[in-house]
Amino acid sequence: MNGKRLVYLDNAATSQKPNKVIDAIHDYYTQYNANIHRGVYKISERATEEYINSKQKLADMVGASSIEEIIYVRNTTEAINLVALTWGEMNVKKGDHILISQMEHHSNIIPWQMLAKRNDAVLDYIELDDNKAGLSEDSFKEQLDKDPKIVSIAHVSNVLGSINDVKKITKLAHDRGAFVLVDGAQSAPHMKVDVADLDCDFFALSAHKMLGPTGIGALYAKREVLDKMPPLFGGGDMIKSVSMQTYTPNDLPWKFEAGTSNIEGGIAFGAAIDYLDGVGLDSIRKHEKKLTEYAIKSLSEIDGVRVFGYGPKETDKRGGVVSFSIRGVHPHDVATIFDSDGVAIRAGHHCAMPLVTGVLGQGSLSRISFYLYNDIDDIDKAVRAIEKVKKIFKC
Ligand code: C6P
């Protein structure tokens with residue numbers, strides 16, 4: 001990038017793709033391009049089989065009991081909207097409470113704002129703790145006393161890196177009769193997730209953040225919950241039978257997948273899961289923890305750079321996301337100078353404006369975020385880029 005070796009440190013936005021994943025898309029289009037579920041000919045059967053295999057791989061990876069609990073959507077955003085528009089529409093009525101937190105991504109805020117507006121419900125927020133590093137337990141318990149219908153929480157914050165104890169949150173929410181959605185956009189790519197162990201009702205993720213292609217993601221939901229939910233979209237494939245006036249919905253998960261699917265996306269997602277399985281999510285987590293520790297130490301030692309205050313100090317409590325600010329320099333200038341050194345980072349509000357501008361009181365922040373292919377040298381390059389920023393801005 002800009003004549004330099006690319007140092008890609010924007011993995012929270014999207015990941016790079018292994019050849020295996022790119023090859024899977026190529027193979028589908030060149031060897032067995034056909035629609036799924038429809039043809040009784042060889043290549044359609046193969047496409048259907050590969051698409052279903054991909055769902056099975058994801059079900060195994062996240063601990064779902066079967067592919068009936070795995071709905072393919074475009075991304076985490078669509079998964080959360082699907083829940084708000086179907087489950088939410090059925091269960092959240094006038095005066096009911098919806099509980100999210102101050103560290104949510106817009107994808108886990110706006111669908112609930114919209115639902116609250118449509119149905120005259122109330123949207124409440126769990127506050128951050130005093131260190132602005134995690135969620136305040138007291139605030140959570142206070143909000144639970146309002147008996148929310150649903151608690152919808154990020155597993156890992158895309159700004160602070162904080163890992164929320166969603167197992168404990170789920171247990172406490174269930175004790176009060178609330179349903180729980182976990183936004184797993186920043187956890188599923190980086191650590192072992194077991195939805196059965198978490199016991200959450202819904203779990204949303206995006207393939208593009210976990211070595212897969214864009215335009216494909218998944219909603220996991222408990223079978224008994226999905227059974228009671230109406231489909232969001234009507235059309236081909238989501239029905240068993242249709243008469244002039246009505247229809248019978250298809251079995252799970254197809255009831256929620258109207259029209260021709262993102263077939264190559266699903267198949268390539270399967271290849272991404274194979275790749276992640278091959279490396280092992282525990283190894284990825286261990287590797288990223290090491291990088292995060294090194295990054296926090298390196299950045300915090302630079303005069304004028306602030307890391308603490310934007311997430312937990314302990315790497316046990318955070319994923320591979322490190323937000324920082326440089327005194328007197330706008331994060332967009334920081335990212336531009338990084339770019340000139342071939343280092344790709346993100347700057348801005350990270351689609352979490354209530355957190356970044358509201359709670360942290362920052363216009364925007366710079367952010368580096370890691371994945372399995374990053375190494376210590378990448379962080380050293382980021383440190384050198386910070387030194388360059390400081391030199392240019394004389395700070
Ligand atoms: N965060 C980031 O740079 P989609 O766009 O639907 O694949 O993912 C949305 C999303 C939902 N929840 C969390 C916690 C996220 O971090 C994201 C995506 C990216 O931080 C792009 S804004």
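The values are calculated or read from the model by the stated rules, or taken from the named source; none is laboratory data. Since we're looking at a predicted model, the values are computed, not measured. FYI the Cβ positions are ideal-geometry reconstructions off the backbone, even for glycines, and counts take in every protein chain you see. For the accessible areas, the whole protein counts, side chains as well, though only heavy atoms, and no ligand, DNA or RNA atoms are used. Shrake-Rupley method; radii C 1.70, N 1.55, O 1.52, S 1.80 Å.
Just a few scattered comments:
- Filter pass, Arg318 being surrounded by 16 or more Cβ atoms within 10 Å (Cβ to Cβ) and touching a Leu at 6+ places or on another chain (Cβ under 8 Å): yes
- Meets criteria (more than 15 Å from the ligand (Cβ to nearest atom), closer than 14 Å to Ala173 by Cβ and not in a loop (DSSP other than H, G, I, E, B)) for Asp124: yes
Residues are listed down the side, and each one gets a yes or a no for (1) among the acidic types (Asp, Glu); (2) touching a residue at least 12 places away in the same chain (Cβ under 8 Å); (3) under 21 Å from Gly177 (Cβ atoms); (4) touching a Lys or Arg at 6+ places or on another chain (Cβ under 7 Å):
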| position | (1), (2), (3), (4) |
| --- | --- |
| Met114 | no, yes, no, no |
| Asp120 | yes, yes, yes, yes |
| Pro148 | no, yes, yes, no |
| Val156 | no, yes, no, no |
| Leu160 | no, yes, no, no |
| Ile163 | no, yes, no, yes |
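- Among the residues of the range 25-55, those that are in a helix (DSSP H, G or I) and open to solvent by 80 Å² or more (accessible area, probe 1.4 Å) comprise His26, Tyr29, Thr30, Gln31, Lys42, Glu45, Arg46, Glu49.
- Of all residues in the range 262-307 being surrounded by fewer than 18 Cβ atoms within 10 Å (Cβ to Cβ) and among the polar types (S, T, N, Q), the one that is nearest to Val356 (Cα to Cα): Ser300
- Candidates are the residues of the range 174-214 that are part of a helix (DSSP H, G or I) and acidic (Asp, Glu); the one that is nearest to Lys286 (Cα to Cα) is Asp197.
- Residue list for the range 336-376, restricted to those being under 25 Å from Pro111 (Cα atoms) and within 12 Å of the ligand (Cβ to nearest atom): Arg346, Ala347, Gly348, His349, His350, Cys351, Ala352, Met353, Leu355, Val356, Leu365
- The set of residues in the range 202-228 being open to solvent by less than 10 Å² (accessible area, probe 1.4 Å), of a type outside the set (A, V, I, L, M) and over 12 Å from the mean Cα position of the chain (by Cα) consists of Phe202, Gly212.
- For the range 4-21, a residue qualifies if it is of a type in the set (A, V, I, L, M, F, W, C) and crowded, with 20+ Cβ neighbours inside 10 Å, and the qualifying residues are Val7, Leu9, Ala12, Val21.
- Checklist (1) in contact with a helix residue (DSSP H, G or I) (Cβ under 9 Å, 6 or more places away or on another chain); (2) not in a helix (DSSP H, G or I) applied to Asn131, failing item: (1)
- So Trp112, is it within 16 Å of the ligand (Cβ to nearest atom), surrounded by 22 or more Cβ atoms within 10 Å (Cβ to Cβ) and of a type outside the set (Val, Ile, Thr): yes
- Filtered residue count, the range 321-363, keeping only those that are assigned to a loop (DSSP other than H, G, I, E, B) and open to solvent by less than 10 Å² (accessible area, probe 1.4 Å): 3
- Pick from the range 144-165, criterion within 12 Å of the ligand (Cβ to nearest atom) and assigned to a loop (DSSP other than H, G, I, E, B), ranking: surrounded by the fewest Cβ atoms within 10 Å (Cβ to Cβ): Asn164
- Selection status of Ile368, buried (at least 23 other Cβ atoms within 10 Å of the Cβ) and either assigned to a helix (DSSP H, G or I) or not acidic (Asp, Glu) (or both): yes
- Test: residue in the range 75-92 that is within 16 Å of the ligand (Cβ to nearest atom), outside any helix (DSSP H, G or I) and crowded, with 18+ Cβ neighbours inside 10 Å: yes
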